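These notes concern the structure reproduced below.
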Amino acid sequence: MIDLRSDTVTKPTEAMRKAAYEAEVGDDVYGEDPSINQLEETAAEVLGKESALFVTSGTQGNQIAILTHCRPGNEIILEAESHIFYYESGAPSAFAGVQTRTIIGTRGAMNPSDVEYAIRGEDQHYPETGLICLENTHNRAGGAVIPINNMKEIHTIAKANNVPVHIDGARLFNAAAALNLPASELAKHCDTVQVCLSKGLGAPVGSILAGNRDFITAARKWRKRLGGGLRQAGILAAPGIIALTQMRERLAEDHENAQYLAQQLGQINGIEIVNQVDTNIIVADVKNLKMNSSEFVEKLKAEGVLSGTFGPSYVRFVTHYDVNRNQLEQAITAIQKTADQII
């Protein structure tokens, strides 16, 4: 199978497996795991933050950020199709007791003036605005890169209103690669940021939450409350160190492959590419093949290609470390065959 469902399906490299096997470990709840400590220090440096915390997943990182920044009864502002709102099982209300206020963005980017208007004034009828959340790259906008000026303007507005900003940067390194900037240049336009190690970077498990030292101290307690305190976690940290230090530069290859795949799919009768391909995500509309996305995905699976539904007629393809150009050629042939059979 050629798996184009997501970059979450990447397998750890041989170097990562070896590093996990040989990792020096200790009890992380006691702060004694040297590999975890090294990973957190490296992540903080890469992201330009004072401190960092290893968490089990991107969702856990985002929710710890909300729990740490907010108090029950607050409201958080976020884009209408953001991952936190769309794919995290209502966790902000279930855990933090906050409500969400969504803003419809353009390719995932909220208009700063809309954000400013949404910040609550002092009134007994209103909840206090506890947090503004950005997402870069934006998953449901097809891996769109949020412009750095947009993030900067929203962060400036937030600071003027004493509201913190959190970036769900699950694919922040993809955004950095696309902009040819260090990740720290993007992360400086927020108070806290979460980045995934287990997507394009290829580590088997984990994410990083980064911010100032006081924030991370409070976040560590929330991680413990959520059952995220780990023991000999260096086995997980060692692959994460390789992800951060050796795998970021190669993300441009995934972007090139995505551009190529989009170009080739766009030439197949009945398939229309509907997103601007900034990074490693392609969204194709198959409505002209007279079938829904689920039917098309099943037909592709029979041809040895895994993809994902992304709406009634939208199919998503994601390039990543475990799919090379030769495999993409095979996938394109299979997709062409599937479309030809239908037409």
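The values are calculated or read from the model by the stated rules, or taken from the named source; none is laboratory data. For clarity, every value in this text was computed on a predicted model and none was experimentally measured. Glycine gets a Cβ as well: all are built from the backbone with ideal geometry, and neighbour counts include every protein chain shown. Surface areas here come from the heavy atoms of the whole protein model, side chains and all, with no ligands, DNA or RNA. Shrake-Rupley method; radii C 1.70, N 1.55, O 1.52, S 1.80 Å.
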Exercise. May I ask you to list the residues in region 217-241 that are part of a loop (DSSP other than H, G, I, E, B) and either of a type in the set (A, V, I, L, M) or open to solvent by less than 90 Å² (accessible area, probe 1.4 Å) (or both)?
Key: L226, G227, G228, G229, L230, A233
Quiz prompt | Output for region 91-103, where each listed residue is open to solvent by 50 Å² or more (accessible area, probe 1.4 Å) and of a type in the set (G, A, S) | solution = S93, A94
Self-check item: Evaluation of P312 against (1) assigned to a loop (DSSP other than H, G, I, E, B); (2) within 17 Å of D254 (Cβ to Cβ) (one fails), failing number
Solution: (2)
Quiz item: Of everything in region 47-67 that's small (G, A, S) and assigned to a loop (DSSP other than H, G, I, E, B), which residue is nearest to A183 (Cα to Cα)?
Solution: G48
Exercise. Scan region 1-25 residue by residue and report those that are more than 20 Å from the chain's Cα centre (by Cα) and surrounded by fewer than 17 Cβ atoms within 10 Å (Cβ to Cβ).
Key: M1, E14, A15, R17, K18, Y21, E22, E24
Quiz item: Is it the case that region 331-342 has a residue that's assigned to a loop (DSSP other than H, G, I, E, B) and at pLDDT below 95?
Solution: no
Exercise. Kindly indicate whether R171 is at pLDDT 95 or above and under 14 Å from the mean Cα position of the chain (by Cα).
Key: yes
Quiz item: Name the residues in region 68-90 that are open to solvent by less than 10 Å² (accessible area, probe 1.4 Å) and either of a type in the set (F, W, Y) or not in a loop (DSSP other than H, G, I, E, B) (or both), would you?
Solution: E75, I76, I77, L78, I84
Exercise. Take I167 and decide whether it is in contact (Cβ under 8 Å) with a residue 40 or more places away in the chain and open to solvent by less than 20 Å² (accessible area, probe 1.4 Å).
Key: no
Quiz prompt | Selection within region 104-129 - surrounded by fewer than 17 Cβ atoms within 10 Å (Cβ to Cβ), outside any loop (DSSP other than H, G, I, E, B) and among the aliphatic types (A, V, I, L, M) | solution = A118
Quiz item: On the given criteria, is G266 open to solvent by less than 70 Å² (accessible area, probe 1.4 Å), under 25 Å from A175 (Cβ atoms) and either touching a Ser or Thr at 6+ places or on another chain (Cβ under 8 Å) or of a type outside the set (G, A, S) (or both)?
Solution: no
Self-check item: Matching residues, region 30-45, being open to solvent by less than 60 Å² (accessible area, probe 1.4 Å) and out of contact with any Ser or Thr (no Cβ under 6 Å at 6 or more places or on another chain)
Solution: G31, D33, P34, S35, I36, N37, L39, E40, T42, A43
Quiz item: Are there any pairs, at least 6 apart or on different chains, whose C-beta atoms fall under 7 Å, with the first in region 180-195 and over 14 Å from T279 (Cβ atoms) and the second open to solvent by 60 Å² or more (accessible area, probe 1.4 Å), and if so, which?
Solution: H189/K152
Practice problem: Select from region 141-155 the residues that are in contact (Cβ under 8 Å) with a residue 40 or more places away in the chain and surrounded by fewer than 23 Cβ atoms within 10 Å (Cβ to Cβ) and write down the one among them that is farthest from K199 (Cα to Cα). | Solution: E153
